[in-house]
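Beneath this line is the structure, given in structure tokens, with notes to follow.
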Amino acid sequence: MITIAGAGLAGLACAYELAQRGAPVRVYERAAEIGAGSVSRYAGGMLAPWCERESAEEEVITLGGRAIDWWAKITPVHRRGTLMVAPARDRAELTRFARRTSGYRLVDGAEISALEPALAGRFAQGLFFEQEAHLDPRQAIRDLAAAATALGVEICLGTEAPGNVDLDCRGMAAGRDLKGLRPVRGEMAILHCPEVKISRTLRLLHPRMPLYLVPRDGGLFMIGGTMIESTSPRPITLRSLSELLNAAFTLNPAFAEASVVETGAGLRPAFSDNLPRLHQDGGTLFLNGLYRHGFLLAPALAQQVAERLRPETHDEHHRKRQSA
Ligand SMILES: Cc1cc2nc3c(=O)[nH]c(=O)nc-3n(C[C@H](O)[C@H](O)[C@H](O)COP(=O)(O)OP(=O)(O)OC[C@H]3O[C@@H](n4cnc5c(N)ncnc54)[C@H](O)[C@@H]3O)c2cc1C
């Protein structure tokens, strides 16, 4: 039996990959419900390796490229791309962003309006990352738990993990045991605005804070996400909330009538290079540091973990014995 601490993104993705390879798996989750303790409840759910490359290493593309197909087997994935725009005064930001990324095409005002009529007449230039996608993070983590359970994974909810698990995926809660793991605070809001129709992730560039808006079902939009080096889990600040709401208003003034149905703040677990790491300590393997790329990178990391932890199959064992 392989035991895992934490049924967040990392823990569930690993459980799923291990179970796919025939391993018996038990996951301990301290929260009483799937997703309730995971920082992913605040996530946008963007699967956006080419955009993320702007401020991240090449690994987000090499490891994240497979995430869209992986998630599509588990939960609805919207393959609508990402449309990046900037107000006229911040056009230089768009040029800078384009220089640091790939996988996009330049679009003019007419094409922006054709892609998203709600932006018509508001932006003269943008970048369209056609291969990117998004999902609903809360549904995705529930669907992932269901897929793992269907493969035989046992998930013990409302249960603190014992000290001697095989795999530790406690996210920020593992901070004391992992040298260099730090929190990067992210704040978000959810708007209800059925009058505005948007079908893909929009990113708005401006010099202080690049922001994004991700559409969800039922006229809902997630708008996020700040990046603050802070250990504080306190609610969203007035400054951040006003930046987020202004961004929505800049995209379409009809958002002025939106209801703010939820706000939140979560701590992303990150190492100094903002890349995830596998770390062996005694009998426990740690997977952590998924930073702002949990949905994007968990599938590839979980595959690496499963290759390391899975029990040998009967055939492999037999082959090794014969060649010894
Ligand atoms: C505002 C915001 C926006 C984001 N947007 C995106 C995005 O668009 N795309 C993307 O790819 N990523 C995004 N992320 C990042 C993503 O949410 C994280 O990278 C990911 O959730 C980290 O996964 P994890 O499994 O390491 O930690 P978590 O998902 O937090 O899981 C850790 C789990 O361990 C459990 N746990 C802790 N201690 C114990 C214990 N002692 N015993 C048992 N269980 C325990 C917790 O309850 C929790 O369920 C965003 C994050 C934020 C905050």
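Can you find, among Ala247, Pro215, Leu144, the residue farthest towards the positive end of the dipole of the chain? Put +1 on the C-beta of Lys and Arg, -1 on that of Asp and Glu.
Ala247
Rounded to a whole number, what % of the accessible area of the stretch 252-300 do carbon and sulfur atoms account for, probe 1.4 Å?
Carbon and sulfur atoms account for 45 percent of the accessible area of the stretch 252-300.
Calculate how steeply helix 294-309 sits against the longest principal axis of the alpha-carbon atoms of the chain, using the helix alpha-carbon long axis, and give the answer as 0 to 90 degrees to the nearest 10.
Helix 294-309 and the main axis of the chain meet at about 10 degrees.
Just flag the GluC sites (Glu not before Pro) in the stretch 51-121 sitting in loop per DSSP whose Cβ has no more than 10 other Cβ atoms within 10 Å.
Within the stretch 51-121, the qualifying GluC sites (Glu not before Pro) (loop, at most 10 other Cβ atoms within 10 Å) are Glu58.
Cβ under 15 Å from Leu245's Cβ, Leu245 left aside: what net charge do those residues give with Lys, Arg +1 and Asp, Glu -1?
Taking every other residue near Leu245 into account, the sum is -2.
Using the crude model of +1 on Lys and Arg Cβ and -1 on Asp and Glu Cβ, and no other charge, please compute the dipole size for the chain relative to its Cα centre, in debye to 20.
380
Compute the length gained on full extension between Ala254 and Gln280: take 0.36 nm times their separation in residues and subtract their Cα-Cα distance, giving the result in nm to one decimal.
Contour length minus the Cα-Cα distance gives 4.2 nm.
Add -39500 (n - 2.57) for each DSSP H run of 4 or more in the chain, then divide by its residues: what number comes out at 222 nm, to the nearest 500 deg cm²/dmol?
Rounded to the nearest 500, it is -8500 deg cm²/dmol.
Based on the alpha carbon coordinates of the chain, what radius of gyration and maximum Cα-Cα distance (Dmax) apply, in Å?
20.5, 72
Looking at the stretch 277-313, which chymotrypsin sites (Phe, Trp or Tyr not before Pro) are in a loop (DSSP not H, G, I, E or B) and have at most 12 other Cβ atoms within 10 Å?
The qualifying sites: there are none.
Using a 1.4 Å probe, what is the accessible area per residue for the chain, in Å²?
Ligands and nucleic acids excluded, the result is 45 Å² per residue.
Cβ under 11 Å from Met222's Cβ, Met222 left aside: what net charge do those residues give with Lys, Arg +1 and Asp, Glu -1?
+1
If you keep only loop residues by DSSP, which trypsin sites (Lys or Arg not before Pro) in the stretch 207-286 have at most 12 other Cβ atoms within 10 Å of their Cβ?
Filter output for the stretch 207-286: Arg208.
Specify the angular offset, from 0 to 90 degrees and rounded to the nearest 10, of the alpha carbon long axis of helix 238-251 from the longest principal axis of the alpha carbons in the chain.
60
Tell me the angle of helix 9-20 to the major Cα principal axis of the chain, expressed in degrees between 0 and 90 and rounded to the nearest ten.
Value to nearest ten degrees: 50.
Accessible area of the stretch 44-146 with a 1.4 Å probe: how many percent of it is carbon plus sulfur?
Roughly 47 percent, rounded to a whole number.
Can you find, among Gly163, Leu205, Leu309, the residue sitting farthest towards the positive end of the charge dipole of the chain, where Lys and Arg contribute +1 and Asp and Glu -1 at Cβ?
Positive-end residue among those listed: Leu205.
The values are calculated or read from the model by the stated rules, or taken from the named source; none is laboratory data. From a predicted model like this one, the values you see are computed outputs, not experimental measurements. When we count neighbours, we look across all protein chains shown, and the Cβ atoms used for this are built from the backbone with ideal geometry, even at glycine. Heads up: the accessible areas ignore ligands, DNA and RNA and are worked out on the full protein's heavy atoms, side chains in. Shrake-Rupley method; radii C 1.70, N 1.55, O 1.52, S 1.80 Å.
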